[in-house]
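Working notes, beginning with the structure itself.
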Amino acid sequence: MNLVYIKYIGQNYKEENIYQFLFSENIDNVMHSSWSATPSNGIAEAPKDNIDLAKNITCKMSFDLVCDSMTFSYFDAVEGVVSVGWENIETYSETQIPKDRLFFKYGEDLEDIKEKIIKRNLNFD
């Protein structure tokens, strides 16, 4: 199972961010016509077909997402130029910046993502 999309859902009552990770068994058949928009700027929609699994992460940290990028298209993530999502470190002090900054690439295996988030004491819902 491989990552194809991350979308921001919103915040819960604890003011924690909720992100939905979408996975597919066949990433070659996952596409949305809006993915060619440059920049993505919130236009790159989540695919509706060929999604086999959706998992949520709830956390205090925030992620920058290519689907909301003011610079990149979603195809830039598909082609490996940028990640689908990465940990935003703007609010961290210099001493707080993690050595293992989280990032998630298009097509990344579910088990590899689980390993990354467990190292940071996060869980899929």
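The residue of the stretch 70-121 that is farthest from the chain's Cα centre (by Cα), among those that are of a type in the set (G, A, S) and more than 17 Å from F23 (Cα to Cα), is S93. Go through the stretch 21-38 and count every residue that is surrounded by 16 or more Cβ atoms within 10 Å (Cβ to Cβ) and either acidic (D, E) or under 12 Å from L3 (Cβ atoms) (or both). Qualifying residue count, the stretch 21-38: 6. Candidates in the stretch 39-69 are the residues that are closer than 17 Å to I18 by Cβ and of a type in the set (S, T, N, Q); of these, the one that is surrounded by the fewest Cβ atoms within 10 Å (Cβ to Cβ) is N56.
Residue-wise test of (1) touching a helix residue (DSSP H, G or I) at 6+ places or on another chain (Cβ under 8 Å); (2) in contact (Cβ under 8 Å) with a residue 60 or more places away in the chain.
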position: S34; (1), (2): yes, no
position: E45; (1), (2): yes, no
position: D52; (1), (2): no, no
position: K60; (1), (2): no, no
position: D68; (1), (2): no, yes
position: I89; (1), (2): no, no
position: Y92; (1), (2): no, no
position: T95; (1), (2): no, no
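Within the stretch 77-103, the set of residues being within 24 Å of A37 (Cβ to Cβ), small (G, A, S) and surrounded by fewer than 16 Cβ atoms within 10 Å (Cβ to Cβ) comprises G80 only.
Where a number appears in this text, it was derived from the coordinates with a stated rule and is not lab data. Bear in mind that the values here come from a model prediction, so they are computed numbers and not experimental data. In this analysis, Cβ positions are derived from the backbone assuming ideal geometry, glycine residues included, and neighbour counts consider all displayed protein chains.
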